[in-house]
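Asks: Sharing a structure with you now.
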Amino acid sequence: MATPVSPSFSPSSPGSNISWPPSVTLPVQNPIDDAVSQSMSGMASMTDPTSNGTAAYTDSEFFLDSVIFKVEDTLFKVPKRGFLDSVAFFVPKFQDCQSENDIIYLDTVSKDEFRTLLRMLYPFKSPLEPQHDFTTKEWVTILELSTCWSMLNLRNMAISHLSSTTMTAVDRLVLGQKYSIPRWLTEGLTTLIREPKALPVDDDTTLSLSLDIDLKLKISSVRDSSRSLSGVLDDVDDWIESARQEFEQELDLPTLTSVQRLSLAQKYNVLEFLRPAYIELVERDEPLSDVEVTALGSKITAQICRVREYRIANMPHSRDFSVQEEVDLHFKEQLDSVTSASAIQRVLIAQKENVKEWLEPALVEVAQKHQLTNDDVGALGKDMILKLYRVREAVCATTWSETPVAMCAARVATEFIDEIVAVRAQAKKFIGTDEASEVIGLSFTSGLKQEAIEGMASSGS
């Protein structure tokens, strides 16, 4: 039996008794023929050196060109045919190769990710062996690489498989936006907006994905639009408790004395800081210490003592006695010289000076606003606004979960038109994606129609 000679054979191979170069050489077919080459079509012929020059034709199915890839520190040699679907990316690279030993370098993928793709393209196992069972994360890798390299059939296969798996709304939304799958984007947005509970701090995802903070804000804003706060504004204790839970870290500040806060309030000339400081000094049971008297000055000390005496004298006899009214009367000169600040401004000052007693009520007041605006986002930052949305949801739930899905989906199409249009524009690059998307989304579309019918029936329309 003849010993096969591989291209990697060298005369220094141990135990070799074959002269080099061999006396008979086989013609080498150019491996960078067009995607549909003669060798692939079975029409090319070559001389068989063992049969007196008789012509032999290459088999159309099992005469395969190979290609070598280098990914990180690893070489992969596989049949070329698995990558011929990538007309825009791989086929031009094949055409630039001069021989089968040329190496194609792939710098934007890890060797583990590439190996996952190869396992899908080349399942080199017999029918009797158990086939590789791809995990959801591996299917996402296949989706990512097939999208990057425009391997359209493989991309549609990955979309079809992942659509049948259990993915969270966050997973669908993030993957739909990242890999240009419009159906997943709208499904994810609609589901998140209809979620009965507030969006969690950590995204609900099985694939370790995370929502872009701008998209989180937009989703929270749309959810917030269905909420009516008018009936819960007087539930002060609920607002305070919710704010304390959500802003636990921000409110973890040292406690300042009432005199220290009065001094800071005078520095900023803010009515909402100054008046509560006077009231607290009047209402407290402990007498002013010598140090506090020195810090306050004789005039203010005298005014505080006068209001305290008046309070002690009148409280037992009058239910209508108001400490604030008396403070406003006796400290009229000081209070008339200061200005009022918005809740947003007070939050910023409280954060700057680390005054817990100012920060908490200011946060509650911002949370109770009719609507949180883009200006609020610019002033307080995106993370704080998201927390404020969660405070609002803790006190007053949205009504989207009770709204028919079709109506919610229509709102999504309006509010997120920029995101949807961008994803659709990218999806047009992938031939057949729209058709695959329609098939994949049939069950979701049916659900929309059914809930819309039920919603109209219940409303008597």
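The values are calculated or read from the model by the stated rules, or taken from the named source; none is laboratory data. This structure is a prediction, so every number in the text was calculated from the model and none was measured. FYI the Cβ positions are ideal-geometry reconstructions off the backbone, even for glycines, and counts take in every protein chain you see. All accessible areas refer to the heavy atoms of the entire protein, side chains included, with ligands and DNA or RNA removed. Shrake-Rupley method; radii C 1.70, N 1.55, O 1.52, S 1.80 Å.
Asks: In region 367-395, what count of residues is obtained for those that are within 16 Å of residue 245 (Cβ to Cβ) and open to solvent by less than 20 Å² (accessible area, probe 1.4 Å)?
Replies: 7
Asks: For region 401-411, name all the residues that are under 22 Å from residue 370 (Cα atoms) and open to solvent by 20 Å² or more (accessible area, probe 1.4 Å). First the steps, then the outcome.
Replies: Just the residues of region 401-411 that are under 22 Å from residue 370 (Cα atoms), to begin with: 401-403, 408, 411.
The answer is 401, 402, 403, 411.
Asks: Among the numbered criteria (1) among the hydrophobic types (A, V, I, L, M, F, W, C); (2) modelled with pLDDT under 95; (3) outside any loop (DSSP other than H, G, I, E, B), which single criterion is violated by residue 69?
Replies: Going through (1) among the hydrophobic types (A, V, I, L, M, F, W, C); (2) modelled with pLDDT under 95; (3) outside any loop (DSSP other than H, G, I, E, B) one by one, residue 69 breaks only (2).
Asks: Right, another one. Which condition breaks for residue 337 when tested against (1) in contact (Cβ under 8 Å) with a residue 24 or more places away in the chain; (2) within 30 Å of residue 296 (Cα to Cα); (3) touching a helix residue (DSSP H, G or I) at 6+ places or on another chain (Cβ under 7 Å)?
Replies: That leaves (3) as the condition not met.
Asks: Right, here's the next one. Would you check which residues across region 195-228 are among the basic types (Lys, Arg) and buried (at least 21 other Cβ atoms within 10 Å of the Cβ) and list them?
Replies: The first filter runs over region 195-228 and keeps only residues among the basic types (Lys, Arg), leaving 197, 216, 218, 223, 227.
Once the filter is applied, which keeps residues that are among the basic types (Lys, Arg) and buried (at least 21 other Cβ atoms within 10 Å of the Cβ), region 195-228 yields only 223.
Asks: Report, ordered by the first and then the second residue, all pairs with beta carbons closer than 7 Å, sequence separation of six or more or different chains, a first member in region 404-423 that is in contact (Cβ under 8 Å) with a residue 40 or more places away in the chain, and a second member that is aromatic (Phe, Trp, Tyr).
Replies: 408/400
Asks: For region 324-364, which residues satisfy the criterion of being of a type in the set (Gly, Ala, Ser) and out of contact with any Phe, Trp or Tyr (no Cβ under 7 Å at 6 or more places or on another chain)? Can you show your working first?
Replies: First pass over region 324-364, keeping only residues of a type in the set (Gly, Ala, Ser): 337, 340-343, 350, 362.
Once the filter is applied, which keeps residues that are of a type in the set (Gly, Ala, Ser) and out of contact with any Phe, Trp or Tyr (no Cβ under 7 Å at 6 or more places or on another chain), region 324-364 yields 337, 340, 341, 342, 343, 362.
Asks: For region 62-77: of the residues being among the hydrophobic types (A, V, I, L, M, F, W, C) and without any contact (Cβ under 8 Å) to a residue 40 or more places away in the chain, which is farthest from residue 120 (Cα to Cα)? Explain how you work it out, then say what you get.
Replies: At the first step, the residues of region 62-77 found to be among the hydrophobic types (A, V, I, L, M, F, W, C) are 62-64, 67-69, 71, 75-76.
Retained after the next criterion (residues that are without any contact (Cβ under 8 Å) to a residue 40 or more places away in the chain): 62-64, 67-68, 75.
Working: 62: 19, 63: 21, 64: 18, 67: 17, 68: 17, 75: 18 Å.
For region 62-77, the residue satisfying everything is 63.
Asks: If you don't mind, another one. Pull up region 251-295, narrow it to residues that are basic (Lys, Arg) and open to solvent by 30 Å² or more (accessible area, probe 1.4 Å), then point me to the one that is farthest from residue 351 (Cα to Cα). Even if it seems obvious, please write down each step before you answer.
Replies: In the first step, residues of region 251-295 are kept if they are basic (Lys, Arg); the result is 261, 267, 275, 284.
Then drop every residue that is not open to solvent by 30 Å² or more (accessible area, probe 1.4 Å), which leaves 267, 275, 284.
Working: 267: 15, 275: 19, 284: 26 Å.
Among those residues, the one meeting the criterion is 284.
Asks: Give the residues of region 151-161 that are in contact with an Asp or Glu (Cβ under 8 Å, 6 or more places away or on another chain) and open to solvent by 10 Å² or more (accessible area, probe 1.4 Å), sorted by residue number. Walk me through how you get there before you give the answer.
Replies: If we filter region 151-161 for residues that are in contact with an Asp or Glu (Cβ under 8 Å, 6 or more places away or on another chain), which is where we start, we get 151-154.
Passing the criteria: 152, 153, 154.
Asks: Okay, next question. Condition first: over 17 Å from residue 429 (Cα atoms) and either outside any strand (DSSP E or B) or small (Gly, Ala, Ser) (or both). Now tell me which residues in region 72-90 satisfy that.
Replies: Of region 72-90, the ones over 17 Å from residue 429 (Cα atoms) are 72-84.
Once the filter is applied, which keeps residues that are over 17 Å from residue 429 (Cα atoms) and either outside any strand (DSSP E or B) or small (Gly, Ala, Ser) (or both), region 72-90 yields 72, 73, 80, 81, 82, 83, 84.
Asks: If I ask for residues that are within 26 Å of residue 59 (Cβ to Cβ), in contact (Cβ under 8 Å) with a residue 40 or more places away in the chain and of a type in the set (S, T, N, Q), which ones from region 78-137 would you list?
Replies: Across region 78-137, the qualifying residues are 86, 95, 98, 99, 101.
Asks: Taking the residues in region 352-366 that are of a type outside the set (D, E, K, R) and closer than 19 Å to residue 237 by Cα as candidates, determine which candidate is most open to solvent (accessible area, probe 1.4 Å). Quick ask: steps written out before the conclusion?
Replies: To start, the set of residues in region 352-366 that are of a type outside the set (D, E, K, R) comprises 354-355, 358-359, 361-364, 366.
Then keep just the ones that are closer than 19 Å to residue 237 by Cα; that gives 358-359, 361-364, 366.
Details: 358: 15, 359: 2, 361: 68, 362: 0, 363: 3, 364: 18, 366: 0 Å².
Looking at residues that are of a type outside the set (D, E, K, R) and closer than 19 Å to residue 237 by Cα, I get 361.
Asks: Checking residue 111 against (1) closer than 24 Å to residue 180 by Cβ; (2) open to solvent by less than 60 Å² (accessible area, probe 1.4 Å); (3) among the basic types (Lys, Arg), only one condition comes out false. Which one?
Replies: (1)
Asks: Search region 180-199 for residues that are in contact (Cβ under 8 Å) with a residue 40 or more places away in the chain and pair each with any residue that is acidic (Asp, Glu) when their beta-carbon atoms are under 7 Å apart and the residues are at least 6 apart or on different chains.
Replies: That search, which allows pairs on different chains as well, returns 185/419; 198/393.
This table checks each residue for (1) under 17 Å from residue 201 (Cα atoms); (2) assigned to a helix (DSSP H, G or I); (3) touching a residue at least 40 places away in the same chain (Cβ under 8 Å).
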position	(1), (2), (3)
359	no, yes, yes
372	no, no, yes
377	no, yes, yes
389	yes, yes, yes
393	yes, yes, yes
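Asks: I'd like the full set of residues that are at pLDDT 85 or above, loosely packed, with under 13 Cβ neighbours inside 10 Å and in contact with an Asp or Glu (Cβ under 9 Å, 6 or more places away or on another chain), limited to region 33-66.
Replies: Of everything in region 33-66, just one residue is at pLDDT 85 or above, loosely packed, with under 13 Cβ neighbours inside 10 Å and in contact with an Asp or Glu (Cβ under 9 Å, 6 or more places away or on another chain), namely 66.
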